[in-house]
Amino acid sequence: MDLSIFITLEGMEKIQRRIAHLMNDERPEIIKAVATAREFGDLSENAEYKAARERQRAVDGEIDHLRRRAAILKVVDTSSFPKDKVRFGSTCHTEDISTGEKVTFRVVGADELNFFTEESYQAVSAVSPIGSALLGKGQSEVALVKAPMGERQLKVLQIL
């Protein structure tokens, strides 16, 4: 199963809010900046105009990318999932067995990672080494994470 096409309901809402912000706030400001810079005269040597157009291309590109991704993503409502195992959308408290470090992870879709600013947990993609190792683990089970920096063992303390 291709987990890269899944997104939580909260993640999709954040993508939709980002699109709306770009369309309703940033894009109109950039269009004004382009119009103002155009008034400065010769466009071939107008740095303000070139910068404004470049920013407009970047914003338009992000809007296009987010819209295309949102159209193919499958929204998963995780609110009714049982809390017996770590599943897509689950939040779990873990402890690194070798260091004793405690970290709270939330397993989400890859497209959601840039939109999480929540400080109470670390968002990890379901297809990442940590996310895929945690999936299916129950409370008190140990997930073996095979990451480029080496192996880690994470004990699931609690599933929220």
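Number of residues in segment 114-160 that are surrounded by 15 or more Cβ atoms within 10 Å (Cβ to Cβ) and either assigned to a loop (DSSP other than H, G, I, E, B) or hydroxyl-bearing (Ser, Thr, Tyr) (or both): the value is 10. Residues in segment 50-79 that are outside any helix (DSSP H, G or I), surrounded by fewer than 13 Cβ atoms within 10 Å (Cβ to Cβ) and not basic (Lys, Arg): 77, 79. Scanning segment 34-49 for any residue that is under 30 Å from residue 154 (Cα atoms) and in a loop (DSSP other than H, G, I, E, B) turns up nothing. Number of residues in segment 93-123 that are in contact (Cβ under 8 Å) with a residue 24 or more places away in the chain and acidic (Asp, Glu): the value is 4.
Going through (1) touching a residue at least 40 places away in the same chain (Cβ under 8 Å); (2) surrounded by fewer than 17 Cβ atoms within 10 Å (Cβ to Cβ) one by one, residue 90 falls short only on (2). Per the listing 82, 28, the residue uniquely exposed (fewer than 12 other Cβ atoms within 10 Å of the Cβ), outside any helix (DSSP H, G or I) and of a type outside the set (A, V, I, L, M, F, W, C) is 82.
Any read-out appearing in this document is the output of simple, stated calculations on the displayed coordinates, not a laboratory observation. Treat the numbers as computed from the prediction; the structure is a model and nothing was measured. No Cβ is skipped: glycine too gets one built from the backbone with ideal geometry, and neighbour counts run over all protein chains shown.
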